[in-house]
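Notes follow the structure.
Any read-out appearing in this document is the output of simple, stated calculations on the displayed coordinates, not a laboratory observation. Being a predicted model, the structure only gives us computed values, none of them experimental. Here the Cβ is made from the backbone with ideal geometry for all residues, glycine too, and neighbour counts use every protein chain on show.
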Amino acid sequence: MQRSRLSRALTAVLVPLLAAAGCASVVSPVEDYIVIGMDEDSTGPGASYSTIAGSTVRATIDRINAEGGINGREVRLVVENDESSPTNTPSIIRKLMDRGAAAVILSTGSGAALQAKQVSESSEIVTIAPTALTDAVAGPPGNQYAYMVPNPLAQYADVYCGAFEQTGKTRLGILADASPAISGILATLDPKLRECIEVVDTQKAAVDSADLTAGVSRLLAAEPDVVLVASVGGSFELLAQNTLHRLAPDVQRYSLASIGNQPQAWELADPGSLDGLVYMGSLSTDNPRTDELERWLRTIKGPSYSLTAYDAQAYDSVMLIKRAIEIAGTHTDPQKLNEAMQQVRDVPASFGQEPLTLSLTPDKHIAPDSACGLVLIEFGPDNTPSGPWSEYQPECTPEEAQP
């Protein structure tokens, strides 16, 4: 009897508590202020670029609040870290939702951002990736709530292929780190490159490799006349460029955007090892919005700060969410907010050439309206970018617009 009475008493106490806990596990966006979530890889392989974007997201939200918020409401940022690990991403997105996020910025690796797409679809929360390059992050299927800001990898491949053809290159070697982000990028990029050039060999190594001599030697044994380094940047990229310069100084080298967006790394490279390296850039000196953004960020990050594409695309990601909330007139209705995202049109971009605009539609979830967001940049002998590569540049024409 005593045990029965005790059980009933415990039930009377615990059931309301468990019910309350169950309700707390699914938190709707709050009404009084706007919560934006950010999945920022601050400790994993994508930290070298995710933290750059993350700091600009923070500064942009501060700027919005200083100017009155969105629809008169304060914006609050909540942050979690998935370490660019796709296995961590679902729980991180749900944590951000539990903290009231109306939308989530994916400042993380492409592999993790791709995994986030599944959660955004099932949980009906808008996600937008400012640094991901893999088209599938915002492409069908299952992309109803998923968006990205950079130009897609399909356009990267078109630009590389145009450069190979222009300069007469026929044999490509690829040196890549083994991170999930780069594996996802190569899964899209490699087949498209094979349509225009013979890929003679691909060598992969761990992100934290201390010596790439053996891998680079195997790559060079295949006799490529051009090499593409695909990495998340940081120490791997520097080691790759140093080794290639030492072992094959006359072979033309290309790189993804990472090295161009990590100016703190340039001075760590061996003297002259970046000379002649061409990377896929996203910043153009003819875009006044790029100049304005750099001048503003220098008031935040210091007078000598060098703007990166990560900064510009992070800024534009926040502004696209802001515009969608303004169109929707609410941040608490996920479906209405997502419909508003797909009504954002002709937003002037902070990256790319001056004519570049950003638009989203039900069938177009990758924001750039043309290839104008891409520009090939060459490094000079002082290991700093010397400007647009004179050999080849992508044209900015309506025909190259993303469908």
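FRET efficiency for the pair S123 and S235, taken as 1/(1 + (r/R0)^6) with r the Cβ-Cβ distance and R0 = 25 Å, rounds to 0.10. Partner aspartates and glutamates whose Cα lies under 13 Å from the Cα of K336, excluding those fewer than 8 positions away in the same chain, are identified as E124, E326.
Kindly state, to the nearest 0.05, the FRET efficiency for T167 paired with D286, given R0 = 41 Å and r defined as their beta-carbon distance. Efficiency, rounded to the nearest 0.05: 0.95.
Helical content of the chain, expressed as a calculated mean residue ellipticity at 222 nm, amounts to -13000 deg cm²/dmol (DSSP H runs of 4 or more residues, -39,500 (n - 2.57) each, divided by residue number, nearest 500).
Using only Cα atoms, what is the ratio of the radius of gyration of the chain to 2.2 N^0.38 Å?
Normalised Rg, Cα atoms only: 1.06.
Once the Cβ-Cβ distance of V30 and T357 is raised to the sixth power relative to R0 = 41 Å, the FRET efficiency obtained is 0.80. Here the peptides 242-253, 357-368 are ranked by packing, the mean other Cβ count within 10 Å, and the order with the highest first is 357-368, 242-253. Highest-first packing order for the peptide set 311-319, 345-353, 291-299 is 311-319, 345-353, 291-299, based on the mean count of other beta carbon atoms within 10 Å. Long hydrophobic helices in the chain, taken as whole DSSP H segments with a C-alpha length of 27 Å or more on their own axis and mean Kyte-Doolittle hydropathy at least -1.0: 2-24, 47-66, 309-328. Using 0.36 nm times the number of residues separating Y305 and K204, minus their current alpha carbon distance, what extension gain do you get? Gain on stretching Y305 to K204: 33.1 nm.
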